[in-house]
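Each reported figure results from applying straightforward, stated rules to the coordinates on display, with no laboratory input. Small disclaimer: the values here were computed from a predicted structure and weren't measured. Because the Cβ atoms are built from the backbone with ideal geometry, glycine has one as well, and the counts that use them run over all protein chains shown.
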Amino acid sequence: LTVPIAGYSVKLMQGSFYQHRGTRLHYAVDMLAPRNTPVLAVESGTIGRLFNSNAGGLTIYQKSPDGKFVYYYAHLERYADNLHDGDPVARNQVIGYVGTSGNAPPNTPHLHFAISKIDGTSVFRGTPIDPFEVYNNELTAR
Ligand SMILES: [Zn+2]
């Protein structure tokens, strides 16, 4: 997988997953970056849906080519132009821009990025996986 923000250090992803936020666990990594930094598709696949939620703000659910994983990108400032549900995307394609939509602090633009392994109960929700572990394992396997 490509890191969704160009040049972002995998080490910085460590420890964000499972961090408590109030009463909830946080099954994602928060990647700090300046507002409007491009957000890249971490692999090829399809846009599952573009969704505006109270918590996540402008979000993207991207499916892996085999449909076994969903990549979730939240708090976007905006989507890439002409991005639609069902569109195919290529690895490294710009799909949106870092922002503070939803419940992100207005002075802390960041990408909330999550990976789910789809287990059949829902097309978009499955078992959350720690992105740090995924990237770190890929690095050490090289
Ligand atoms: Zn987050």
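Highest mean first, the peptides 135-142, 39-46 sorted by other C-beta atoms within 10 Å per residue fall in the order 39-46, 135-142. The chymotrypsin sites (Phe, Trp or Tyr not before Pro) of region 1-52 that DSSP puts in a loop, and whose beta carbon has at most 15 other beta carbons within 10 Å, are Tyr18.
Relative contact order of region 84-142, please, whole-number percent, based on alpha carbon pairs below 8 angstrom and at least 6 residues apart.
Reported relative contact order: 18 percent.
Considering region 75-114 at the alpha-carbon level, its Rg and Dmax are found to be 11.4, 33 Å.
Its DSSP H runs of at least 4 residues, each contributing -39,500 (n - 2.57), put the calculated 222 nm mean residue ellipticity of the chain at -2500 deg cm²/dmol, to the nearest 500. Distant-in-sequence amide contacts of Val39, defined by a placed amide H-H separation under 5 Å and a gap of 5 or more residues or a different chain, comprise Ile95, Gly96, Tyr97, Val98.
Taken one residue at a time, the phi angles of region 4-15 give Karplus couplings (6.51, -1.76, 1.60, θ = phi - 60°) of x, 10, 4, x, 6, 6, 4, 4, 5, 7, 5, x Hz. Gly and Pro are set to x.
Fraction of C-alpha pairs exceeding 28 angstrom in the chain: 9 percent, rounded to a whole number.
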